[in-house]
1. From the mean inverse distance of alpha carbon pairs (Kirkwood) and the Cα radius of gyration, derive Rg over Rh for the chain.
2. Quick check on the range 23-166: take the gyration tensor over C-alpha atoms, sort the square-rooted eigenvalues as a ≥ b ≥ c, and tell me if it's rounded (a/c under 1.5), prolate or oblate.
3. Answer rounded, prolate or oblate for the range 137-184, using the Cα gyration tensor with square roots of eigenvalues a ≥ b ≥ c: rounded when a/c is under 1.5, else prolate when a/b is larger than b/c, else oblate.
4. How much length would be gained if the chain were fully extended between residue 350 and residue 170, taking 0.36 nm per residue of separation minus their Cα-Cα distance, in nm to one decimal?
5. Once the Cα atoms of helix 360-374 and of the chain are each reduced to a long axis, what angle between those two axes, in degrees from 0 to 90 to the nearest 10, is obtained?
6. Label-point separation (nm) for residue 85 and residue 36, each offset 7 Å from Cα along Cα-to-Cβ?
7. How big is the gap, in Å, between the Cα center of the range 45-99 and the Cα center of the range 342-363?
8. As I understand it, the value is the acute angle between the Cα axis of helix 193-202 and the longest principal axis of the Cα atoms of the chain; what does it come to in degrees, rounded to 10?
Ligand code: FE2
């Protein structure tokens, strides 16, 4: 499924695009209770029911619910018995992203190119078929236990993938305007950022488009380093964070400790009306990080004129940042798991293609207040 990237941005022109990717196909989360997780993502995030796989489709070892909103598909998977690979993943990490599936025209070619360039195989090219056509999938390992699965679906016309039945429950709360995955951030171990930057460069043909160091992203206590990798057409953007030296434990350290390794830190999803989207999410019980009210006292001095009224932004806690090309509005949920690990970002871009650097300090101080309340700072 493609992203809403209008034209090819200049910053991506240097990319050696031996690995064309059309967009994010789906994200599969391993969760401890797929039935309840599906209910949560429907109720709180406005996802719509799409497909099901499990006992009722003849699958005996796992159950998956697939939910969709515009171009975003989440697969929520739980094991049906002990001693499973999924169960061990959950035991180690808690709920989290296992698969970032990338939509390609040729999953065999993508796999062979990646393997030739040094990737570790997760799944050799495999044809799956049903009465509506065939899908070819293949997969490679990324950081931690995260995998990328290449999905070739040009000859497929079914609901989601072979093996899945249409899921049509009566309960279908309204969507809230989430459109596509804007970027997906990984936290990797201290000293490993450049290793994974090189991986995306050499194995996947991505280009580094932005870099932040501890001078950009630091507070009195904590710091992190980040580099943003993007594929040739810019539809896939993977910022990679590693902890940097600080006086106390950084939010990346906290993540790595509780996730017990590298993994997906946040999924940023785009909307074209962040005020409506965040209002709906708040009404549905989603909790967001809050910055102090003083952030808004100086906001317009910092970012200049914006289309939105200041009041609803202040009321909802939405952040704004500007770069050379325009501005963006963004807000971050609190972690969606008992462990302080994965969270979501809601982002609305108005020309800006950056990531909200001007908000980092205010944001990190807000995260630190949360860490303090958890006793992990
Ligand atoms: Fe982000």
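None of the figures in this text is laboratory data; all of them are computed from the coordinates on show. The structure presented is a predicted model; accordingly, all values stated were derived computationally and were not measured. Heads up, the Cβs are rebuilt from the backbone with ideal geometry, glycines too, and the neighbour counts pull from every protein chain shown.
1. Working: Rg = 20.1 Å, Rh = 21.2 Å.
Reported Rg/Rh, Kirkwood definition of Rh: 0.95.
2. Details: a/c = 1.58, a/b = 1.21, b/c = 1.30.
Judged from the Cα gyration tensor, the range 23-166 comes out oblate (a/c at least 1.5, b/c at or above a/b).
3. oblate
4. Working: separation 180, 0.36 × 180 = 64.80 nm, distance 3.65 nm.
The span from residue 350 to residue 170 would gain 61.2 nm if fully extended.
5. Roughly 70 degrees, rounded to the nearest 10.
6. Computed distance between label sites residue 85 and residue 36 equals 2.6 nm.
7. Answer, in whole Å: 28.
8. Computed tilt is about 50 degrees.
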